[in-house]
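K.L.:
There's a structure below that I have some questions on.
Every read-out reported here was derived from the displayed coordinates using simple, explicitly stated rules and does not represent laboratory data. What you see is a predicted model; the values in this text were computed from it and never measured. Cβ placement follows ideal geometry from the backbone for every residue including glycine, while neighbour counts extend to all protein chains displayed.
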Amino acid sequence: MQTTQRTFVFNALLFVVALLALGAAYAQTGAPSPEAPAALPNGINFSGAYTPDDVAYFQDDLERLHRDLPEWWQYVLDARPFTIVIDPRTARGAIVAVTECCDASGSGTVRFGYHLSEISTGSDPDSQSAEARRVAFLGMLAHELTHVRDLRAGRFTVKTDRKSCVDAETSGLSQQLAIKRDLAAGGAGGVTAWLTEQIRSENRDLHSRSFWDWYCAAFE
């Protein structure tokens, strides 16, 4: 019995020493813990009903922009400070996100009515794939952060009639279309046909009176 106890204690000590050695190796090499989450860039925060998956989804997309479309990565960072709020009450009708800017600290707020990976542009099967949803989110992010940048700069601060609505939303929708064109040019991960049609449709909308009659109907 005593021999068994001594063996158990000895093995436990070996385990502890191994853990300490592993920690020291990480410290010496500067390698992060495999479980350590990547930090959000300074000036970007999450609030509301968000989950760790929302944060991870955003981080993955930001890394993708940094790797493939660095000018758009910089566009996102230049919109800081801002907070992404997940608030299901925001989703109503065709509204998926709304933007406010700026609070007393100069920070903007983008409220999404859905978790980030759930955002799509329709109910058809092509728009429901993971890659199509990612493109939809990046397009919407560019759109809403354009509003943050415009409002902070004093542009399109008040929408009181159809013209002011069209001016403000043209700014956001133009950037939404621009990032989708760049995503298509860089390869769209199996959704090229869907994305090409998205780009054609959104370009038509920007020049369609009937689209703006619908989009800005609240300001008639």
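K.L.:
Contour minus end-to-end for residue 193 and residue 78, with contour as 0.36 nm per residue of separation and end-to-end as the Cα-Cα distance?
P.N.:
Computed gain between residue 193 and residue 78 is 38.3 nm.
K.L.:
Could you list the chymotrypsin sites (Phe, Trp or Tyr not before Pro) in region 76-119 that lie in coil according to DSSP, counting only those with at most 16 other Cβ atoms within 10 Å of their Cβ?
P.N.:
The qualifying sites: there are none.
K.L.:
About the Cα centre of region 44-117, how large is the charge dipole given +1 on each Lys and Arg Cβ and -1 on each Asp and Glu Cβ? Please answer in debye to the nearest 20.
P.N.:
With Lys and Arg at +1 and Asp and Glu at -1, about 240 debye.
K.L.:
Report the full-extension gain for the segment residue 67 to residue 218: residue separation times 0.36 nm, less the Cα-Cα distance, to one decimal in nm.
P.N.:
Gain in length upon complete extension: 50.4 nm.
K.L.:
I'd like the FRET efficiency for residue 98 and residue 207, computed as 1/(1 + (r/R0)^6) with the beta carbon distance as r and R0 of 30 Å, rounded to 0.05.
P.N.:
Calculated transfer efficiency: 0.75.
K.L.:
A further question follows. Once Rh for region 44-219 is found with the Kirkwood sum over Cα pairs, what is the Stokes-Einstein diffusion coefficient at 20 °C and 1.002 mPa s, in µm²/s?
P.N.:
Estimated diffusion coefficient is 129 µm²/s.
K.L.:
Which value in nm describes the separation of the simple spin-label points at residue 163 and residue 49, placed 7 Å from the Cα toward the beta carbon?
P.N.:
If labels sit at residue 163 and residue 49, their model points lie 4.0 nm apart.
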